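S.K.: Pasting a structure here, questions to come.
The values are calculated or read from the model by the stated rules, or taken from the named source; none is laboratory data. Model, not experiment: these values are computed from the prediction. Because the Cβ atoms are built from the backbone with ideal geometry, glycine has one as well, and the counts that use them run over all protein chains shown. Quick note on the areas: whole protein, heavy atoms, side chains included, nothing else; ligands and nucleic acids left out. Shrake-Rupley method; radii C 1.70, N 1.55, O 1.52, S 1.80 Å.
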Amino acid sequence: MSHWYPSPDQEATAAQAVAAFRAAYGGDPDGVWAAPGRVNLIGEHVDYNGGPCLPMALPQNTVVALRRREDDLVRVTSTVGAAWQGHVADISPGRVSGWAGYAVGVPWALRTGAAGPEGKALGENGFEASVVSQVPVGAGLSSSAALECAVAVAVDDLASAALGRSSLGATDEGRARLAAACVRAENEIAGAPTGGMDQSASLRARAGHALALDCRDFSVQQVPFDAAGARLAVLVIDTRVHHALVDGGYGSRRKACDQACEVLGVRTLGEIGLDALDGALAHLTRPDHRRRVRHVVTEIDRVHAAVEVLARSELAALGPLLDASHASLREDYEVSCAELDLACEAARGSGALGARMTGGGFGGSAIALVDADRAESVADQVSAAFTRRGFGAPAFLLAVASDAARRLA
Ligand code: ADP
Ligand code: MG
C-alpha cells in the first residue's frame, strides 16, 4: 500500500544514460560514471557552524554518460530538465540558469582553481553529457550533489588521462578537492547555498560505513555502519513536500548563527562545548539566537555520542539520539514542518527505535531506525497516518550505506 522508490539497478540506469547520449549526440560516450545521493544520520545544520555530521551514501545514484571534446563546446541533457549548450567561456556566475548550472558549474569551478592548481587544467575542455538519476530530486537526499559529483569524477578521469596523470579522484585527498569544486559550483553557478556535507558524502563515503565529517577542515573518519548486521534498517520517508514559502529559511538560520557568533566572540558555534552552553545562552539577549545556538551545540554533542554508539556497534542506541535531534530541530532550530513531524511521530508510534527529519528541513525527508523486518509495516502505518491527516502520499526507500562516486563503464 505504500509507495516505494524502485530498487536501483546501476546497469539499467547506465544503459539508459548511454541510450540518451546516443540519441542526443550520436556515437558513444567515453564512459559512464555514477555518484550517490546521501542521507545524514545525525548532525543537521551544523556543517556551516564548524561542527561534525554523519552522512552516508545511498544506493541511489545519478549516472552520467560523458564524452570529452577537443574544443570548448559544452552540451548537457537530463531526463528531468531541458538541454543546455554553451561554451566553456560562457560559464560564470549568473550566466547559467536552471539545472544545468549544477553540472556545468563543476568544470568552471575546476578551471578557476577550486580544486587547487592541479585541478585547473581539468576544466578546460568542452564535453557532451547525458544525465539519468535514481536519486529523487528535491527530496533532501542530495540529487544536486550527486549530479555535481558524477560530472566531477567523469571530467577528472577523462582530463587526467588526456594529461597523462592519475585522476584527482584516485585518492581521498583528491576527492576532498573535487568536493570543494562541487560546493563552489553549487554556491556560485547554481546559486544555491550548501555547506559541503553533501558533496563530501557523495565523493568520500564508503560502503558499509557512515562518514564522520569534521566540517572545520573536512577531515573524515570512516565509521562502520552495518544496520542489516544488527537486523535494523534505516527507512527514508520522503514527505514529497517542499514548503517554498520558507525557502529563505536556510539563509536566515545561517545569518542568525553568524550574529550569535559575533555576540559571543567566537568564529563558529562549533567552538562552544556543551559545558559552555549555559554561559553562552546567558550572553544572548535574543530568544531566537538562544534557540539556534542551543540546537547547534547540543546537536554537535549528539553526533559525538552517535559516533561512539556506532564504534561500540550498539546501533539501537542511535534511536534516542535521532528523537532528540528531531525535537531540537523542531523546537529550537524551527526547520521542521507538519509533514516531517507526522512522519517521525507515526514511525515511532509503529515501533521505530527513533526518527528525525534529515536535510535542510521545511519538507524533504525523514529517517527512521526500524527493525529490518518491520520496515514495510512502519512504512504502511506512516502512509496511513498521512492519508488520515489529508496529506499526499509519502514515498520510501531503504538507506543502505553504499559506495561513493565511481566509474561504471
Ligand atoms: P536535493 O539536492 O535535496 O535533491 P536541491 O534543491 O538541492 O534538492 O537540488 C535539486 C535541483 O538539482 C533540481 O531542481 C535540479 O535543478 C538539480 N538536479 C538534481 N538532479 C538532477 C538531474 N538528474 N537532472 C537535472 N537536474 C537535476
Ligand atoms: Mg541539494
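S.K.: Within the range 364-382, track down each residue that is open to solvent by less than 10 Å² (accessible area, probe 1.4 Å) and either at pLDDT below 95 or more than 16 Å from ligand 1 (Cβ to nearest atom) (or both).
M.R.: Within the range 364-382, the subset open to solvent by less than 10 Å² (accessible area, probe 1.4 Å) is 364-370, 375, 378-379, 382.
Residues satisfying the conditions are Ala368, Leu369, Val370, Ala375, Val378, Ala379, Val382.
S.K.: Let me confirm something: among Glu339, Glu314, which residue is over 22 Å from the mean Cα position of the chain (by Cα) and either acidic (Asp, Glu) or open to solvent by 30 Å² or more (accessible area, probe 1.4 Å) (or both)?
M.R.: Glu314
S.K.: For the range 212-222, does any single residue satisfy the condition of being open to solvent by less than 70 Å² (accessible area, probe 1.4 Å) and free of Cβ contacts under 8 Å to residues at least 24 places away in the same chain?
M.R.: Taking every residue of the range 212-222 in turn, at least one turns out to be open to solvent by less than 70 Å² (accessible area, probe 1.4 Å) and free of Cβ contacts under 8 Å to residues at least 24 places away in the same chain.
S.K.: While we're here: Just to be sure I understand, how many residues within the range 103-141 are touching a Cys at 6+ places or on another chain (Cβ under 9 Å) and open to solvent by 10 Å² or more (accessible area, probe 1.4 Å)?
M.R.: 1
S.K.: Which numbered condition trips up Gly195, out of (1) within 14 Å of ligand 1 (Cβ to nearest atom); (2) open to solvent by 30 Å² or more (accessible area, probe 1.4 Å)?
M.R.: (2)
S.K.: Are there any pairs, at least 6 apart or on different chains, whose C-beta atoms fall under 7 Å, with the first in the range 123-140 and closer than 23 Å to Arg177 by Cα and aromatic (Phe, Trp, Tyr) and the second more than 16 Å from ligand 2 (Cβ to nearest atom) and in a loop (DSSP other than H, G, I, E, B), and if so, which?
M.R.: From the range 123-140, the pairs are Phe127/Arg69.
S.K.: How many residues are crowded, with 18+ Cβ neighbours inside 10 Å and assigned to a helix (DSSP H, G or I) if we restrict to the range 163-192?
M.R.: Keep residues of the range 163-192 that are crowded, with 18+ Cβ neighbours inside 10 Å, which gives 167-169, 174-190.
Filter once more, so that each one left must be assigned to a helix (DSSP H, G or I): 168-169, 174-189.
Residues meeting the conditions: 18.
S.K.: Looking only at the range 386-403, how many residues end up being of a type in the set (A, V, I, L, M, F, W, C) and open to solvent by 10 Å² or more (accessible area, probe 1.4 Å)?
M.R.: Count: 5.
S.K.: If you don't mind, another one. Can you find even one residue in the range 274-286 that is outside any helix (DSSP H, G or I) and surrounded by fewer than 17 Cβ atoms within 10 Å (Cβ to Cβ)?
M.R.: Within the range 274-286, the first condition is being outside any helix (DSSP H, G or I), and the residues that meet it are 284-286.
Going one step further and asking which of them are surrounded by fewer than 17 Cβ atoms within 10 Å (Cβ to Cβ), we end up with 285-286.
Looking for residues that are outside any helix (DSSP H, G or I) and surrounded by fewer than 17 Cβ atoms within 10 Å (Cβ to Cβ), one finds at least one in the range 274-286, hence yes.
S.K.: Being away from ligand 2 (no atom under 11 Å from the Cβ), over 22 Å from Ala401 (Cα atoms) and at pLDDT below 95 is the filter here; which residues of the range 188-207 pass it?
M.R.: Of everything in the range 188-207, just one residue is away from ligand 2 (no atom under 11 Å from the Cβ), over 22 Å from Ala401 (Cα atoms) and at pLDDT below 95, namely Gly191.
S.K.: Right, next: Go through the range 14-54 residue by residue and tally those that are open to solvent by 10 Å² or more (accessible area, probe 1.4 Å) and in a helix (DSSP H, G or I).
M.R.: Number satisfying all stated conditions: 12.
S.K.: Something else now. Checking Gly195 against (1) closer than 19 Å to Ala399 by Cα; (2) of a type outside the set (S, T, N, Q); (3) touching a Phe, Trp or Tyr at 6+ places or on another chain (Cβ under 6 Å), only one condition comes out false. Which one?
M.R.: It fails just one condition, (1).
S.K.: Output the residues belonging to the range 249-270 that are surrounded by fewer than 19 Cβ atoms within 10 Å (Cβ to Cβ), in contact (Cβ under 8 Å) with a residue 40 or more places away in the chain and either among the β-branched types (Val, Ile, Thr) or under 23 Å from Phe218 (Cα atoms) (or both).
M.R.: Passing the criteria: Gly251, Arg254, Arg267, Thr268.
S.K.: Which members of the range 79-98 meet the condition of being polar (S, T, N, Q), out of contact with any strand residue (DSSP E or B) (no Cβ under 6 Å at 6 or more places or on another chain) and in contact (Cβ under 8 Å) with a residue 24 or more places away in the chain? Steps first, please.
M.R.: Our first condition is that a residue be polar (S, T, N, Q); within the range 79-98, this holds for 79, 85, 92, 97.
Imposing the further condition that a residue be out of contact with any strand residue (DSSP E or B) (no Cβ under 6 Å at 6 or more places or on another chain) reduces the set to 92, 97.
Ser92, the sole residue that qualifies.
S.K.: Next question, about the same structure. Given the conditions (1) open to solvent by 10 Å² or more (accessible area, probe 1.4 Å); (2) within 23 Å of the chain's Cα centre (by Cα); (3) free of Cβ contacts under 8 Å to residues at least 40 places away in the same chain, and given that Gly354 satisfies all but one, which numbered condition is not satisfied?
M.R.: Single failed check for Gly354: (1).
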